[in-house]
1. Within the bounds of region 178-186, is there any residue that is in contact with a Lys or Arg (Cβ under 7 Å, 6 or more places away or on another chain), surrounded by fewer than 19 Cβ atoms within 10 Å (Cβ to Cβ), outside any helix (DSSP H, G or I) and without any contact (Cβ under 8 Å) to a residue 60 or more places away in the chain?
2. Quick one: which strands (runs of 3 or more DSSP E) sit completely within region 69-168 and have at least 1 residues that are among the aromatic types (F, W, Y)?
3. Looking at region 72-85, can you tell me whether even one residue there is in contact with a helix residue (DSSP H, G or I) (Cβ under 7 Å, 6 or more places away or on another chain) and surrounded by fewer than 16 Cβ atoms within 10 Å (Cβ to Cβ)?
4. For region 148-160, does any single residue satisfy the condition of being under 24 Å from L253 (Cα atoms), small (G, A, S) and within 18 Å of the chain's Cα centre (by Cα)?
5. Which count do you get for residues in region 47-91 that are on the phi > 0 side of the Ramachandran plot, of a type in the set (G, A, S) and modelled with pLDDT under 95?
6. Quick one: would you say A60 is in contact with a Phe, Trp or Tyr (Cβ under 7 Å, 6 or more places away or on another chain) and of a type in the set (G, A, S)?
7. Filter region 92-117 for residues that are modelled with pLDDT of 95 or more and among the charged types (D, E, K, R); which is surrounded by the fewest Cβ atoms within 10 Å (Cβ to Cβ)?
Amino acid sequence: MKLISWNVNGLRAVERKGALPPLWKQNPDILFLNETKAHPEQLSKELQDPKGFHVYFSSATTRKGYSGVALYTKVKPDKVLYDIKDMKDEEGRYIEAHYGKLVFIGCYFPNGGGEPHRLKYKLCFYDQFLVHIERLRKNGHSIIFCGDVNAAHEEIDLARPKANEGEIGFLPEERAWIDEVISAGYVDSFRHFHLHTKDAYTYWDMKTRSRDRNVGWRIDYFFIANEFMTRVKKAEIHPDIYGSDHCPLSITLS
């Protein structure tokens with residue numbers, strides 16, 4: 001069983017670029033797309049209702065062409081939710097799908113840049129998210145969550161850590177939150193299988209053509225609850241799939 005996550009930076013743009021066929025060739029059982037920047041009615045029929053998939057969308061209600069997430073799943077979930085408990089999502093960032101005791105969560109975390117209140121919002125979002133998934137776990141659910149977390153964890157996770165000290169995406173408080181997630185019992189699946197692998201990134205700045213030089217950041221993740229890690233057989237990054245300033249990442253389950 002294969003699960004894929006990809007920040008597409010505009011789903012309609014990715015489709016126009018012809019970038020989706022290589023993705024479908026990966027044969028995902030669950031595909032989570034973030035930063036879709038579209039409402040369902042703006043998408044092609046192939047994206048709204050692809051053969052063999054149940055599809056769920058969450059779109060920003062306050063701003064068009066912003067944020068947005070989509071879930072494509074071959075197995076129909078028992079239920080799908082679109083909000084973190086006690087935190088209304090008006091920016092289309094969150095999808096939670098229940099498959100029995102397994103909960104799959106796809107989330108496009110806030111960037112935190114721009115006005116100062118956005119960093120405050122990001123850190124609050126982080127905290128509420130962790131409280132929510134821990135509540136689910138205490139109720140007997142196993143958790144897989146993925147998406148663009150908009151933060152690099154360790155120096156190995158970006159090409160120029162020294163130059164980016166104190167920058168959004170590599171702030172001590174952002175990195176500390178990832179520490180907290182791991183301490184709570186969630187495994188960074190890619191780093192679990194590739195402990196010392198360098199130059200493995202999921203995002204590159206398009207303006208400076210940094211992908212050509214692999215000057216990137218690893219800010220997209222699959223986190224797996226400890227008790228479910230025995231089911232995870234592989235975790236990969238797919239830099240050979242283009243179309244966005246991010247590349248897809250995947251895990252394979254037994």
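1. So far as region 178-186 goes, no, none of its residues is in contact with a Lys or Arg (Cβ under 7 Å, 6 or more places away or on another chain), surrounded by fewer than 19 Cβ atoms within 10 Å (Cβ to Cβ), outside any helix (DSSP H, G or I) and without any contact (Cβ under 8 Å) to a residue 60 or more places away in the chain.
2. On the way: elements: 69-73, 79-81, 94-99, 102-107, 142-148.
So the answer is 69-73, 94-99, 102-107, 142-148.
3. Yes, region 72-85 contains at least one residue that is in contact with a helix residue (DSSP H, G or I) (Cβ under 7 Å, 6 or more places away or on another chain) and surrounded by fewer than 16 Cβ atoms within 10 Å (Cβ to Cβ).
4. Taking every residue of region 148-160 in turn, none turns out to be under 24 Å from L253 (Cα atoms), small (G, A, S) and within 18 Å of the chain's Cα centre (by Cα).
5. Going through region 47-91 one residue at a time, the tally reaches 1.
6. Criteria met by A60.
7. K101
Here's the yes/no breakdown for (1) within 26 Å of M229 (Cβ to Cβ); (2) touching a strand residue (DSSP E or B) at 6+ places or on another chain (Cβ under 8 Å):
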site	(1), (2)
I4	yes, yes
A13	no, no
L20	no, no
N27	yes, yes
F57	no, yes
K64	no, no
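The values are calculated or read from the model by the stated rules, or taken from the named source; none is laboratory data. From a predicted model like this one, the values you see are computed outputs, not experimental measurements. Ideal geometry is used to build each Cβ from the backbone, glycine not excepted, and the neighbour counts take in all protein chains shown.
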